[in-house]
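Undergrad: What follows is a structure written as structure tokens; I'll ask about it next.
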Amino acid sequence: MFEAFQELDYRRFWTTQFVSNIGSWMQTVAQGWLIYRLTDSPFLLGFVGFASSIPSFFLMLPGGVVADHFDRRRVVSASQWAQALSALFLAVAIKTGQISVWQIILASLVVGVAISFSAPAWQAMVVDLLEDRSRLPNAVAMNSLQFQLSRALGPLLAGLTLSAWGSFWCFLFNAISFLPLIFVLGRVTRRQHPREQTGKMWTLLAEAFRYVRTDRVVLLALGIVAAASLFGYPYLTIMPMVARVLYANDDARGLGILMAGVGGGALMGSAALSISTPAPRRMMPLILTCVATFGVALGAVAFLRQHAAVIVLLAVCGASMVVGVALCNTSIQQRVPYVLRGRVLSMYTFAFYAFLPFGSLFAGIVAEHRGLATAMVAMSGGLVAAATLAAAVISAGRAAPDR
């Protein structure tokens, strides 16, 4: 239980990443609230989510090559600087009264480019933080726990901060929150041995694609993550609309409460994984159960107006979402060869990030023209259909559980 914390480098990285993620979640909530206040447009709410994620569609896979051939610590550190300066830029614009939705879109694009390179490096770097690599499954689960702790605390703090002092302080705290992580990244032990680049980028990527094509478990896990990204995660983008419907004029506090409900459920799910990771043969059935549960709970939210019931269902969404995706990550991390780690994990981060902009854009457009309930039902149907299709593929023998 929590055995990865016995590693000093991992413990330092985990702690500072936790602080940074709290800041990022505070800005995410404040940014959605600010955009909706500035424009009152569900489409622009979805478009900003599109802008922050679309760079991943073009840059995430090359980012995997970078992660295999350059010092991952420096790649992640450079990304943190870019995100910190972006948050500071928006904080200054808010403070001076010059903020506009186009500035937010520009800053979101910068953050999207930074994450495109840091996400594969960060995923691949987890094993480099460990002296004892047998602790990798627990380290992956602990990463998920840290992320979900920040998801629970960040939105709650954002809601309180928005109500008491305004959005400026959310953006400023996020800018400052990157600094401890940057400090630690410069001091962790270097265990990575980057490969010399022996071919063109597309040749190196093709090597990783050939591996994935031969490992059906990895291929199926990547497909499930893509479906969760396309149909599941974009519901967070339109959460300000849910808050407006349920809490009317007190939507800033309501948004914090709803997001804390999501985070609380996700926290419980990731804590359960940190205590006990299921055996490989049980991972895929549990993943599919989580995806289907996520879809059913999300669809139910569309038809309820009781605050307590919606918060409970959002907690179910958060728990099922994080357990399903974290188990996909664990399965891939355990199977991928070290020499291909950055490139294969860039496919995982690509599956997660590259489909987000299209899901966010789709959710925003449907919510704008057909209403919030229709958008949430459409996302729900996509998740249930994806789980059903994956189960059919497994039962037909075209993809096998962990071998």
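The values are calculated or read from the model by the stated rules, or taken from the named source; none is laboratory data. Everything quoted here is computed from the prediction, not taken from an experiment. Note that we place each Cβ from the backbone using ideal geometry, even for glycine, and neighbour counts take in every protein chain shown. Just the protein is used for accessible areas: all its heavy atoms, side chains included, with ligands, DNA and RNA removed. Shrake-Rupley method; radii C 1.70, N 1.55, O 1.52, S 1.80 Å.
Undergrad: What helices (runs of 4 or more DSSP H) lie completely within segment 273-389 and have 3 or more residues being of a type in the set (A, V, I, L, M), farther than 30 Å from Asp40 by Cα and at pLDDT 85 or above? So that I can check it myself, show each step before the final result.
TA: On the way: elements: 280-301, 307-335, 341-353, 356-370.
Fully inside segment 273-389 and qualifying: 280-301, 307-335, 341-353.
Undergrad: Among the residues in segment 358-365, are any under 19 Å from Leu314 (Cα atoms) and surrounded by fewer than 23 Cβ atoms within 10 Å (Cβ to Cβ)?
TA: No, segment 358-365 contains no residue that is under 19 Å from Leu314 (Cα atoms) and surrounded by fewer than 23 Cβ atoms within 10 Å (Cβ to Cβ).
Undergrad: Please list, ordered by first then second residue, the pairs with beta carbon atoms under 6 Å, 6 or more apart or interchain, first in segment 63-78 and under 22 Å from Pro180 (Cα atoms), second hydroxyl-bearing (Ser, Thr, Tyr) and outside any loop (DSSP other than H, G, I, E, B).
TA: From residues that are under 22 Å from Pro180 (Cα atoms), the pairs are Val76/Ser118.
Undergrad: Out of Val325, Val339, Val344, I need the residue that is within 30 Å of Leu59 (Cβ to Cβ), in contact with a Lys or Arg (Cβ under 7 Å, 6 or more places away or on another chain) and of a type outside the set (S, T, N, Q). Which one? Spell out the reasoning first.
TA: Values: Val325 fails: in contact with a Lys or Arg (Cβ under 7 Å, 6 or more places away or on another chain); Val344 fails: in contact with a Lys or Arg (Cβ under 7 Å, 6 or more places away or on another chain).
Unique residue meeting the criteria: Val339.
Undergrad: Counting only residues that are β-branched (Val, Ile, Thr) and within 17 Å of the chain's Cα centre (by Cα), how many does segment 236-286 have?
TA: Quick first cut of segment 236-286, residues β-branched (Val, Ile, Thr) only: 237-238, 242, 245, 257, 262, 275, 277.
Remaining after also requiring within 17 Å of the chain's Cα centre (by Cα): 237-238, 262.
Counting residues in segment 236-286 that are β-branched (Val, Ile, Thr) and within 17 Å of the chain's Cα centre (by Cα) gives 3.
Undergrad: Follow-up. Of Arg210, Arg216, which residue is at pLDDT below 85, closer than 19 Å to Arg335 by Cβ, surrounded by fewer than 19 Cβ atoms within 10 Å (Cβ to Cβ) and not hydroxyl-bearing (Ser, Thr, Tyr)?
TA: On the way: Arg210 fails: at pLDDT below 85.
When all the criteria are applied, what remains is Arg216.
Undergrad: OK, next. Quick test of your reading of the structure: Phe13 fulfils all but one of (1) in contact (Cβ under 8 Å) with a residue 12 or more places away in the chain; (2) open to solvent by 20 Å² or more (accessible area, probe 1.4 Å). Name the failing condition by number.
TA: (2)
Undergrad: Still on this structure, please answer the following. As an exercise: evaluate Phe231 against (1) within 19 Å of the chain's Cα centre (by Cα); (2) farther than 19 Å from Tyr353 by Cα; (3) not small (Gly, Ala, Ser) and give the number of the one condition it does not meet.
TA: Result: Phe231 passes all but (2).
Undergrad: Sort out which residues of segment 275-309 are closer than 25 Å to Leu157 by Cβ and surrounded by fewer than 22 Cβ atoms within 10 Å (Cβ to Cβ), and write them in order of number.
TA: His307, Ala308, Ala309 - these are the residues of segment 275-309 that are closer than 25 Å to Leu157 by Cβ and surrounded by fewer than 22 Cβ atoms within 10 Å (Cβ to Cβ).
Undergrad: While we're here: Within segment 1-55, count every residue that is in a helix (DSSP H, G or I) and of a type in the set (Asp, Glu).
TA: First, the residues of segment 1-55 that are in a helix (DSSP H, G or I): 3-6, 8-39, 42-55.
This time we only want the ones that are of a type in the set (Asp, Glu), so: 3, 9.
Number of matching residues: 2.
Undergrad: Determine which single condition Glu131 fails, assuming it passes every other condition in (1) closer than 14 Å to Tyr10 by Cα; (2) in a helix (DSSP H, G or I); (3) of a type outside the set (Val, Ile, Thr).
TA: Unmet condition: (2).
Undergrad: Are any of the residues in segment 233-255 within 23 Å of Tyr348 (Cα to Cα), at pLDDT 80 or above and hydrophobic (A, V, I, L, M, F, W, C)? Reasoning before the result, please.
TA: Initially, segment 233-255 is screened for residues within 23 Å of Tyr348 (Cα to Cα), giving 233-237.
Next cut, at pLDDT 80 or above only: 233-236.
Among the residues that remain, those that are also hydrophobic (A, V, I, L, M, F, W, C) are: 236.
Yes, segment 233-255 contains a residue that is within 23 Å of Tyr348 (Cα to Cα), at pLDDT 80 or above and hydrophobic (A, V, I, L, M, F, W, C).
Undergrad: What about Pro137, is it open to solvent by less than 20 Å² (accessible area, probe 1.4 Å) and either assigned to a helix (DSSP H, G or I) or in contact (Cβ under 8 Å) with a residue 24 or more places away in the chain (or both)?
TA: Values: open to solvent by less than 20 Å² (accessible area, probe 1.4 Å): no; either assigned to a helix (DSSP H, G or I) or in contact (Cβ under 8 Å) with a residue 24 or more places away in the chain (or both): yes.
No; evaluated as a whole, the condition is false for this residue.
Undergrad: What residue, among those in segment 94-126 that are within 16 Å of Phe168 (Cβ to Cβ) and touching a Ser or Thr at 6+ places or on another chain (Cβ under 8 Å), is surrounded by the fewest Cβ atoms within 10 Å (Cβ to Cβ)?
TA: Narrowing segment 94-126 to residues within 16 Å of Phe168 (Cβ to Cβ): 94-100, 103-104, 107.
When the remaining residues are screened for being touching a Ser or Thr at 6+ places or on another chain (Cβ under 8 Å), the result is 94, 107.
Working: Ile94: 21, Ala107: 24.
Step by step, filter segment 94-126, then rank; the result is Ile94.
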